[in-house]
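A quick write-up on the structure given underneath.
Just so you know, all these numbers are worked out from the coordinates, no wet-lab data involved. These numbers come from a predicted model, not from an experiment. Backbone-built Cβ (ideal geometry, glycine too); neighbour counts: all protein chains shown.
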């Protein structure tokens, strides 16, 4: 586990760059929502798993793009995939909710995943991701910070004791102020969650160079 000093704030779009094609909806209406929206669709459909009872104003299910939202820059996530890139995300903008939805095959198990985590072992499929019951996530990469020569190898991370096994959604209520939990590895699309203001927030995990 890397120290908390590596956790950096992130913008909504940054986290999804590692997840291939997505469904994105960008609001075009006036401030606070209510306007029309345009969509760019590659594959996939919206997840309806929500963050009910959010203390910060997240909708209980994925909101419509452009609908009114309560707080500028509020980020809410939806779904239960172990891979955070495979969850729907909504960010409150001056034009209402901006929504990003991953493709339906985003978190399909990779056939190259070993039965148990094999941190630092050589792997065959660059970019493969694996998730395990104890919350451990592994990624196959040649770039654990600085890129190296092939072959790639597995880089794994496990959440600390006392943390939820799966990353809690941004905007969901939490009861342990200051608790930080890291999921995955900083160099393989990891994410840090923090209990702040009564709700979980997401932060990007910095990859050391």
Report the label-to-label distance for residue 122 and residue 175 in nanometres (one decimal), using points 7 Å from each Cα along the Cα→Cβ vector. 4.9 nm
Semi-axes of the stretch 102-203 from the Cα gyration tensor (sqrt of 5 times each eigenvalue, largest first, whole Å) come to 27, 14, 12
For labels at residue 161 and residue 143 in the simple 7 Å Cα→Cβ model, what's the distance in nm? 3.6 nm
Taking the beta-carbon count within 10 Å as an exposure proxy, list 100, 201 from fewest neighbours to most. 201, 100
